[in-house]
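Undergrad: One structure, as structure tokens, below. Some questions next.
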Amino acid sequence: MTTNKTILTLFFILAALPFSFAQSKEEKVWERVESLTKAVFETKDGNVLNELVSDNVSYGHSGGNIEDKKTMVANAAASKTEYKNRNFERVSIQVNDKTAIVRHNFRAISVNEGKESPLDLGILQVWKKEGGKWRLWARQAVRIPPKT
């Protein structure tokens, strides 16, 4: 009976391993998403952005303009807009081999030249593993209704 319990225990441990690895990949991607959000909306750190973003990125804003890496990094680092009451909501992460699709919401009050405006964005990101690191390949933001 003890041998059966041992075998059964080993079976459950081995069966759970793929789930722990999948969660680990998701958490690694999520850490990169958080770092990117902080670099864009808080620290405006061009060096961090250069490290997080692929050379081939397509970075879409909610207003419709699309930027390449050079433009995106320069604009984010030079932005004078401040963001108050930042709220970052994880919606979903799907990881398949070296590609990840992330959906999240970002809500804040943007302050530009003293004028405050609500900012409610739904963001879709595609991340690709390059050289052992997750890098942003595509991003598109859309305006979403304010949270009530």
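Undergrad: Given the conditions (1) more than 13 Å from the chain's Cα centre (by Cα); (2) of a type outside the set (Gly, Ala, Ser); (3) farther than 21 Å from Asn112 by Cα, which single one is not true for Glu42?
TA: Just one mismatch for Glu42, condition (3).
Undergrad: If the Cβ limit is 6 Å and pairs must be 6+ apart or interchain, which residue in segment 132-148 that is more than 29 Å from Ser117 (Cβ to Cβ) and crowded, with 19+ Cβ neighbours inside 10 Å pairs with which residue that is among the aromatic types (Phe, Trp, Tyr) and modelled with pLDDT of 95 or more?
TA: So the pair list comes out as Trp134/Trp127.
Undergrad: Looking at Ile123, Ile101, can you tell me which residue is β-branched (Val, Ile, Thr), without any contact (Cβ under 8 Å) to a residue 24 or more places away in the chain and in a strand (DSSP E or B)?
TA: Ile123
Undergrad: Since Arg90 meets every condition but one in (1) charged (D, E, K, R); (2) in contact with a helix residue (DSSP H, G or I) (Cβ under 9 Å, 6 or more places away or on another chain); (3) modelled with pLDDT of 95 or more; (4) surrounded by fewer than 16 Cβ atoms within 10 Å (Cβ to Cβ), which condition does it not meet?
TA: Evaluating Arg90 over (1) charged (D, E, K, R); (2) in contact with a helix residue (DSSP H, G or I) (Cβ under 9 Å, 6 or more places away or on another chain); (3) modelled with pLDDT of 95 or more; (4) surrounded by fewer than 16 Cβ atoms within 10 Å (Cβ to Cβ) leaves (3) as the failure.
Undergrad: Here are Asn50, Asn4, Asn75, Asn56: which of them is modelled with pLDDT of 95 or more, part of a helix (DSSP H, G or I) and more than 22 Å from Leu119 (Cα to Cα)? Walk me through how you get there before you give the answer.
TA: On the way: Asn4 fails: modelled with pLDDT of 95 or more; Asn75 fails: more than 22 Å from Leu119 (Cα to Cα); Asn56 fails: part of a helix (DSSP H, G or I).
When all the criteria are applied, what remains is Asn50.
The values are calculated or read from the model by the stated rules, or taken from the named source; none is laboratory data. If you're wondering where the values come from, they're calculated on a predicted model, not measured in any experiment. Cβ sites come from the backbone with ideal geometry, for glycine too, and all protein chains shown count toward neighbours.
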